[in-house]
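Novice: Let me begin by handing over the structure; questions about it come next.
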Amino acid sequence: MAQREPTILLTDDQIAFYHEHGYLSIPAITTPEEVERLCDVYDRLFASRAGREKGDQFDLAGTDEEGKEASLPQILGPSQYAPELLDTQLRINADAMVKQLLGPEAGVGGDHAIFKPPFHGAETPWHQDEAYWDPKWLYNSLSIWVPFQPATLENGCLWFVPGSHRMEVLPHHSINHDPRIHGLEVEGADVSGAVACPLPAGGATFHHNRTLHYAGPNHSDIPRRAYIMGAGAPGKPYPGERRFPWNELKQTAREARAQTKS
Ligand code: NI
């Protein structure tokens, strides 16, 4: 049974680093034993294609037709299909860290899982997470990215552009300009100062909702499993008019499945 109290907290230096650079990397967010257990749960979810029918499992980087192998399979809300993901020291520690970063009203919310198969995974192009969301809201949130095996340059660790969290949301488009593809790519951003964040299994990176980030393809012979938790404080209405036209154009197979099944 998971302990109820956090076992790892951020230092003042780590908190200051996050606010200055818009990202943070830590070597451990939970125990190695828990990472091993969660890794088995994760593999079971992808092997059973959990959430496929409801549109919660889909290909982030391809057109996602039935019978076609996904290049970047993703599950939205994996804890709906494996509730044991919610009763973890990982989540308790993550929730305490989010409160350290964003204040007492903040907490961990939804989760998702992005799987990069060995020798196969597509890259996750440069983007800001907020570009996927409703433009009517002003967000105060971050993502926590946890690999269940070491994340390396070879298998697709995350990269960040330090300080990019101070920018507005930049223009994005669907990958390959194909509105059938869920994934987004930023247009014309300067990523020359980007920093790679390799991690041990069970380490974590934190990034602000506007921080530019990227993950390379998986050139290794092991799967790259990333478990991601969204976290934040309540949003406020966005002051003024804002539109994300790249989302108004979407026609993904996942959205069609979600509309017919829910
Ligand atoms: Ni992202």
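Novice: Any residue that is part of a helix (DSSP H, G or I), closer than 18 Å to Asp111 by Cβ and at pLDDT 95 or above - is there at least one of those in region 14-28?
Specialist: no
Novice: Now, a different point. Taking strands (runs of 3 or more DSSP E) that do not extend beyond region 116-174, which have at least 1 residues that are open to solvent by 60 Å² or more (accessible area, probe 1.4 Å) and away from the ligand (no atom under 14 Å from the Cβ)?
Specialist: So the answer is 137-147.
Novice: Ok, one more. Tell me yes or no: at least one residue of region 181-188 is in contact (Cβ under 8 Å) with a residue 12 or more places away in the chain, open to solvent by 10 Å² or more (accessible area, probe 1.4 Å), farther than 17 Å from Ala113 by Cβ and away from the ligand (no atom under 12 Å from the Cβ).
Specialist: Yes, region 181-188 contains a residue that is in contact (Cβ under 8 Å) with a residue 12 or more places away in the chain, open to solvent by 10 Å² or more (accessible area, probe 1.4 Å), farther than 17 Å from Ala113 by Cβ and away from the ligand (no atom under 12 Å from the Cβ).
Novice: Can you tell me which residue is farthest from Asn155 (Cα to Cα) among those in region 200-212 that are within 16 Å of the ligand (Cβ to nearest atom) and open to solvent by less than 10 Å² (accessible area, probe 1.4 Å)?
Specialist: Per the criteria, the residue is Asn209.
Novice: Under the condition of being within 11 Å of the ligand (Cβ to nearest atom) and open to solvent by less than 10 Å² (accessible area, probe 1.4 Å), which residue from region 214-227 is nearest to Phe46 (Cα to Cα)? Steps first, please.
Specialist: Filtering region 214-227 down to residues within 11 Å of the ligand (Cβ to nearest atom) leaves 214-215, 226.
Keeping just the survivors that are open to solvent by less than 10 Å² (accessible area, probe 1.4 Å) gives 215, 226.
Numbers: Ala215: 20, Ala226: 12 Å.
Only one residue fits best here, namely Ala226.
Novice: Restricting to region 27-56, name every residue that is in contact with a Phe, Trp or Tyr (Cβ under 9 Å, 6 or more places away or on another chain), crowded, with 19+ Cβ neighbours inside 10 Å and not small (Gly, Ala, Ser).
Specialist: Val35, Leu38, Tyr42, Leu45, Phe46, Asp56
Novice: Can we say Arg243 is touching a residue at least 60 places away in the same chain (Cβ under 8 Å), crowded, with 16+ Cβ neighbours inside 10 Å and assigned to a loop (DSSP other than H, G, I, E, B)?
Specialist: No: the conditions fail for Arg243.
Novice: Can you find a residue that is away from the ligand (no atom under 15 Å from the Cβ), open to solvent by less than 10 Å² (accessible area, probe 1.4 Å) and either at pLDDT below 95 or in contact with an Asp or Glu (Cβ under 9 Å, 6 or more places away or on another chain) (or both) anywhere in region 93-111?
Specialist: Looking for residues that are away from the ligand (no atom under 15 Å from the Cβ), open to solvent by less than 10 Å² (accessible area, probe 1.4 Å) and either at pLDDT below 95 or in contact with an Asp or Glu (Cβ under 9 Å, 6 or more places away or on another chain) (or both), one finds at least one in region 93-111, hence yes.
The values are calculated or read from the model by the stated rules, or taken from the named source; none is laboratory data. This is a predicted model, so every value here is computed, not measured. Ideal geometry is used to build each Cβ from the backbone, glycine not excepted, and the neighbour counts take in all protein chains shown. Only protein heavy atoms, including side chains, enter the accessible area calculation; ligands, DNA and RNA are left aside. Shrake-Rupley method; radii C 1.70, N 1.55, O 1.52, S 1.80 Å.
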